[in-house]
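Enquirer: My questions all concern the structure below.
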Amino acid sequence: MQAASADRSEQVVAAAEDLLKVLSAEQRTAVQFRFNDDEQRVRWSNLPSGIFARRGLRMGDLNAQQRQAVFDVVRATLSPAGYQAVLDNVAADEQLKSGAGRGRIAFGSDEFYFSLLGQPSRAEAWMWQFGGHHLAVNATVIGPRITLGPTLTGGQPMRYRAGERQVSQMSEEIALAAAFVQSLTAEQRGRAVLGGRFGDMLLGPGKDGVVPRPEGLRGADLSPEQRQQLLKLVMLRVNLLNEEDAQERRAEVEQGLDDTWFSWRGALTADGAASYRVQGPGVFLEYAPQAMGGAPAEHIHAMYREFGNDYGQRWFQESTASGKPADPQK
């Protein structure tokens, strides 16, 4: 398949290079890791600071210009909707900070971290990571291609007020998933609905390389209209990425739609309190409410993975004779 957009990846490279220019020498050392640093690559979590230790640039240690430069890298990589989702996730943690007491657990926008693996390059493989409580964006760039596999989203609270704006995180996806399961026939629903209570996240942090057995209702058993609904549901998560790269993913998802499975656990309502998973040959997404006090729909863990291509693994194999990416910092 042809590469999505060289122009887009060049914009991301330029934004990362601009970030490095506004950092001190000490900060550049803190933010940069070797591309083959596997410990840093998997150092992401849904847990807050104080429970999980991240490395890289802490946003609370940056000045306004440096913070904006970090967000410029994120914005260059994602779609407008994806970028807004990141901002809403970070702002939600400020809501937790305002209600938290003193202790070892730290909430808020200061507790998000940014790191670079490898040197930003138009030819060599590299990646950036941005994450904190309930957020871990892992963007791997290989030439003109960009992937977000694996990326963790969700948030707490999911609904809050920010000035004049009412924020409702993931509301479009939640509504579409509920509409899809409600559109199923009784026979289809009997296969898709696997329990009356929501389940937890299956392929979160520490689950790289795991491919579970598909469950639920298979895409080949859907009507044409239902297939389009399922495709739209998957693409809402894929479309966190910029449009050019997301269209490449769309072609792959469409090709594997017959072997894409949907499962649901919980009540058949649109309140966000049920869990669901979509698993195809090369894509996996899940949405999982959390029973940890308060309304489960206000505390969500959501995961996106690309089987065989998390962290650009398949692209590495295609672009290197050895099957391993070159390390730009060797």
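Enquirer: Here is a check on your reading of the model: is A30 free of Cβ contacts under 8 Å to residues at least 40 places away in the same chain and touching a strand residue (DSSP E or B) at 6+ places or on another chain (Cβ under 9 Å)?
Expert: Details: free of Cβ contacts under 8 Å to residues at least 40 places away in the same chain: yes; touching a strand residue (DSSP E or B) at 6+ places or on another chain (Cβ under 9 Å): yes.
Here the answer is yes, as A30 does meet what is asked.
Enquirer: Further question: Restricting the search to the stretch 153-179, which residues are assigned to a strand (DSSP E or B) and surrounded by 23 or more Cβ atoms within 10 Å (Cβ to Cβ)?
Expert: Passing the criteria: T153, G154, G155.
Enquirer: Go through the stretch 254-277 and count every residue that is farther than 13 Å from R197 by Cα and surrounded by fewer than 23 Cβ atoms within 10 Å (Cβ to Cβ).
Expert: Summing the residues that are farther than 13 Å from R197 by Cα and surrounded by fewer than 23 Cβ atoms within 10 Å (Cβ to Cβ) in the stretch 254-277 gives 9.
Enquirer: Right, something else. Mind checking which pairs have a first residue in the stretch 289-308 that is outside the structural domain of S45 (by TED's automatic domain parsing) and a second that is in a loop (DSSP other than H, G, I, E, B) and of a type in the set (F, W, Y), Cβ under 7 Å, 6 or more apart or different chains?
Expert: Short answer, once both residue conditions are applied: P289/F198; P296/F198.
Enquirer: What number of residues in the stretch 272-290 are part of a loop (DSSP other than H, G, I, E, B) and of a type in the set (D, E, K, R)?
Expert: Number of matching residues: 0.
Enquirer: List pairs: first residue in the stretch 47-59 and not assigned by TED's automatic domain parsing to the domain that holds Q290, second residue of a type in the set (K, R) anywhere in the structure, Cβ distance under 7 angstrom, at least six positions apart or on different chains.
Expert: Within 7 Å, the pairs are G50/R104; R54/R43; R55/R43; M59/R67.
Enquirer: Could you grab me the full set of residues in the stretch 220-271 that are outside any helix (DSSP H, G or I) and among the hydrophobic types (A, V, I, L, M, F, W, C)?
Expert: Initial filter on the stretch 220-271 (outside any helix (DSSP H, G or I)): 222-223, 239-242, 256, 260-271.
Within the stretch 220-271, L222, L240, L241, W261, F262, W264, A267, L268, A270 qualify.
Enquirer: Has the stretch 58-73 got any residue that is hydrophobic (A, V, I, L, M, F, W, C), under 19 Å from the mean Cα position of the chain (by Cα), part of a strand (DSSP E or B) and at pLDDT 95 or above?
Expert: No: the stretch 58-73 contains no residue that is hydrophobic (A, V, I, L, M, F, W, C), under 19 Å from the mean Cα position of the chain (by Cα), part of a strand (DSSP E or B) and at pLDDT 95 or above.
Enquirer: If you take the residues in the stretch 9-39 that are of a type in the set (D, E, K, R) and in a helix (DSSP H, G or I), which one is farthest from L241 (Cα to Cα)?
Expert: Restricting attention to the stretch 9-39, the residues satisfying the condition of being of a type in the set (D, E, K, R) are 10, 17-18, 21, 26, 28, 34, 37-39.
Filter once more, so that each one left must be in a helix (DSSP H, G or I): 10, 17-18, 21, 26, 28, 38-39.
Numbers: E10: 15, E17: 20, D18: 21, K21: 25, E26: 31, R28: 26, D38: 23, E39: 25 Å.
Here the residue is E26.
Enquirer: Check the stretch 275-297 and report whether any residue there is modelled with pLDDT under 95 and among the basic types (K, R).
Expert: There is no residue in the stretch 275-297 that is modelled with pLDDT under 95 and among the basic types (K, R).
Enquirer: Would you call Q182 at pLDDT 95 or above, among the polar types (S, T, N, Q), assigned by TED's automatic domain parsing to the domain that holds V283 and not in a loop (DSSP other than H, G, I, E, B)? So that I can check it myself, show each step before the final result.
Expert: Values: at pLDDT 95 or above: yes; among the polar types (S, T, N, Q): yes; assigned by TED's automatic domain parsing to the domain that holds V283: yes; not in a loop (DSSP other than H, G, I, E, B): yes.
Against the criterion (at pLDDT 95 or above, among the polar types (S, T, N, Q), assigned by TED's automatic domain parsing to the domain that holds V283 and not in a loop (DSSP other than H, G, I, E, B)), Q182 qualifies.
Enquirer: Next question, about the same structure. For E39, are the conditions met, namely being in contact with a Phe, Trp or Tyr (Cβ under 8 Å, 6 or more places away or on another chain), surrounded by fewer than 21 Cβ atoms within 10 Å (Cβ to Cβ) and not assigned by TED's automatic domain parsing to the domain that holds G294? Please lay out each step first, then the result.
Expert: Values: in contact with a Phe, Trp or Tyr (Cβ under 8 Å, 6 or more places away or on another chain): no; surrounded by fewer than 21 Cβ atoms within 10 Å (Cβ to Cβ): yes; not assigned by TED's automatic domain parsing to the domain that holds G294: yes.
Here the answer is no, as E39 does not meet what is asked.
Yes/no per residue for (1) over 30 Å from L57 (Cα atoms); (2) at pLDDT below 95:
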position	(1), (2)
H134	no, no
S171	yes, no
A178	yes, no
G196	yes, yes
G206	no, no
V211	yes, no
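Enquirer: Could you check the stretch 92-146 and list, in sequence order, the residues that are of a type in the set (K, R) and without any contact (Cβ under 8 Å) to a residue 40 or more places away in the chain?
Expert: K97, R102 - these are the residues of the stretch 92-146 that are of a type in the set (K, R) and without any contact (Cβ under 8 Å) to a residue 40 or more places away in the chain.
The values are calculated or read from the model by the stated rules, or taken from the named source; none is laboratory data. These numbers come from a predicted model, not from an experiment. Cβ coordinates were reconstructed from backbone atoms using ideal geometry, including for glycine residues, and neighbour counts include every protein chain displayed.
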